[in-house]
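The values are calculated or read from the model by the stated rules, or taken from the named source; none is laboratory data. As the structure is a prediction and not an experimental result, all values here were calculated from the model. Quick reminder, even Gly has a Cβ in these numbers, built from the backbone with ideal geometry, and neighbours come from all protein chains shown.
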């Protein structure tokens, strides 16, 4: 069975969805991704859906779930490159995916993730400093 | 019915002459169409009509396809020439009298004559209605096209700065217009690679729950694509309405006017507007620079 590749880039995981998502594929992506986040202790997940042209409520919910699971594992999720038609469909389905950060393209998405990770590290360092 | 088409065919020349005469007294518009053109149309129609009537008496049947198409063409060309739909219908209807005359001459039996005249009249009426129908259809198409053009015209997406778009909305927002607004905004976001869009509703006269819902949908869709969306140009009266209606805009960044929203957008993309004094003449000029 085919799977969606998950690429590791430093602290982040990069997932580009190049094929039409069917339900089984989404479920296996969810499993793989959570396993990888735990394995590499990644801080950020970037999901690029610029070639995704069809979504349904299931895929929408799956994306929201992936974001929620990543947050539990302490990784921020950024969704990039959503097509206008897909955005309209999701809104019409009533899914605003309010928990997910979004960006126009992978470049901006990476920027957003780096910024998040940097801020997070700063917070940790400040925390360490005051304790001592 | 066989006899009907026989009679019409045998008397084609007489009917044509009678028809043209009839038209001259009822629906003639010599200012719009020359005699030769009218005669050509009438002869062509009569030919197609007789041909079709040979095998069928139902104007919706396959046999009448040629006649129907011809009438539609006539309706269209006459409309372009400036005929009213009623005048085009009269063109067909004035065929009745000469046909009735021909039938009158052919039938001696009164009951047969009444039946034939009834059937022929019915057929011609329906064909006349067809011209009216196609005229209305053509008008409808024009109206639909113009509506689409108006929608396009009334929703321009303008670029304020690199990465900053503005969408000044003017007029009432309904569902179909919101759809166009949403689509044009989202495609503009992709095209210009913008991260901020400002929706300005200064020109929207009223905001009710439906309009607000449409706006929120548009803003959510833009956010899903990775662009921030600000709402500006909210007049005091509209602010009151929004609160009275209990519309929740807490997730939406709102500003009173477009200038404030633009300022916020600039600071978001890391720019600021500063006032500078040029040394040469002391004139004030504003320019933006990287923050």
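Quick one: what pairs do we get from the stretch B:138-161, first residue under 19 Å from residue B:179 (Cα atoms), second surrounded by fewer than 12 Cβ atoms within 10 Å (Cβ to Cβ), C-beta under 8 Å, 6+ apart or different chains?
Going by the 8 Å Cβ cut-off, the qualifying pairs are B:151/B:176.
Quick check on residue A:32: is it within 24 Å of residue A:96 (Cβ to Cβ), outside any strand (DSSP E or B) and out of contact with any helix residue (DSSP H, G or I) (no Cβ under 7 Å at 6 or more places or on another chain)?
No; evaluated as a whole, the condition is false for this residue.
So which residues in the stretch B:171-219 are within 14 Å of chain A (Cβ to nearest Cβ) and in contact (Cβ under 8 Å) with a residue 60 or more places away in the chain?
Within the stretch B:171-219, B:195, B:196 meet the criteria.
Based on what the data block shows, is residue A:81 within 14 Å of chain B (Cβ to nearest Cβ), closer than 15 Å to residue B:220 by Cβ and in contact (Cβ under 8 Å) with a residue 12 or more places away in the chain?
no
Looking only at the stretch A:54-78, how many residues end up being closer than 20 Å to residue A:27 by Cβ, more than 11 Å from chain B (Cβ to nearest Cβ) and not in a helix (DSSP H, G or I)?
Restricting attention to the stretch A:54-78, the residues satisfying the condition of being closer than 20 Å to residue A:27 by Cβ are A:54-73, A:75, A:77.
After this cut, where a residue has to be more than 11 Å from chain B (Cβ to nearest Cβ) as well, the list is A:54, A:56-59, A:61-62, A:64-73, A:75, A:77.
Then keep just the ones that are not in a helix (DSSP H, G or I); that gives A:54, A:56, A:73, A:75, A:77.
Total meeting the criteria: 5.
Would it be correct to say that residue A:102 is within 8 Å of chain B (Cβ to nearest Cβ) and either over 23 Å from residue A:2 (Cα atoms) or touching a helix residue (DSSP H, G or I) at 6+ places or on another chain (Cβ under 6 Å) (or both)?
Yes, satisfied.
Quickly run through the stretch B:220-250 and pick out the residues that are assigned to a loop (DSSP other than H, G, I, E, B) and free of Cβ contacts under 8 Å to residues at least 12 places away in the same chain.
B:246, B:248, B:250
Among what's in the stretch B:147-170 and is surrounded by fewer than 16 Cβ atoms within 10 Å (Cβ to Cβ) and in contact with a strand residue (DSSP E or B) (Cβ under 9 Å, 6 or more places away or on another chain), pick the residue that is farthest from the other protein chains (Cβ to nearest Cβ).
Within the stretch B:147-170, the subset surrounded by fewer than 16 Cβ atoms within 10 Å (Cβ to Cβ) is B:147-154, B:156, B:158-159, B:161-162, B:170.
If we keep only those that are in contact with a strand residue (DSSP E or B) (Cβ under 9 Å, 6 or more places away or on another chain) too, we end up with B:154, B:156, B:158-159, B:161-162, B:170.
Numbers: B:154: 19, B:156: 17, B:158: 18, B:159: 15, B:161: 16, B:162: 13, B:170: 22 Å.
Once the filter is applied, the top-ranked residue is B:170.
When you go through B:122, B:140 one by one, which is the residue that is more than 20 Å from the chain's Cα centre (by Cα), surrounded by fewer than 13 Cβ atoms within 10 Å (Cβ to Cβ) and under 30 Å from residue B:95 (Cα atoms)?
Values: B:140 fails: more than 20 Å from the chain's Cα centre (by Cα).
Matching residue, one of B:122, B:140: B:122.
In this structure, does residue A:15 turn out to be exposed (fewer than 12 other Cβ atoms within 10 Å of the Cβ) and either within 20 Å of residue A:105 (Cα to Cα) or at pLDDT 90 or above (or both)?
no
Restricting attention to the stretch B:221-262, and to residues there that are crowded, with 22+ Cβ neighbours inside 10 Å and within 14 Å of chain A (Cβ to nearest Cβ), which single residue is farthest from residue A:102 (Cα to Cα)?
Here the answer is B:229.
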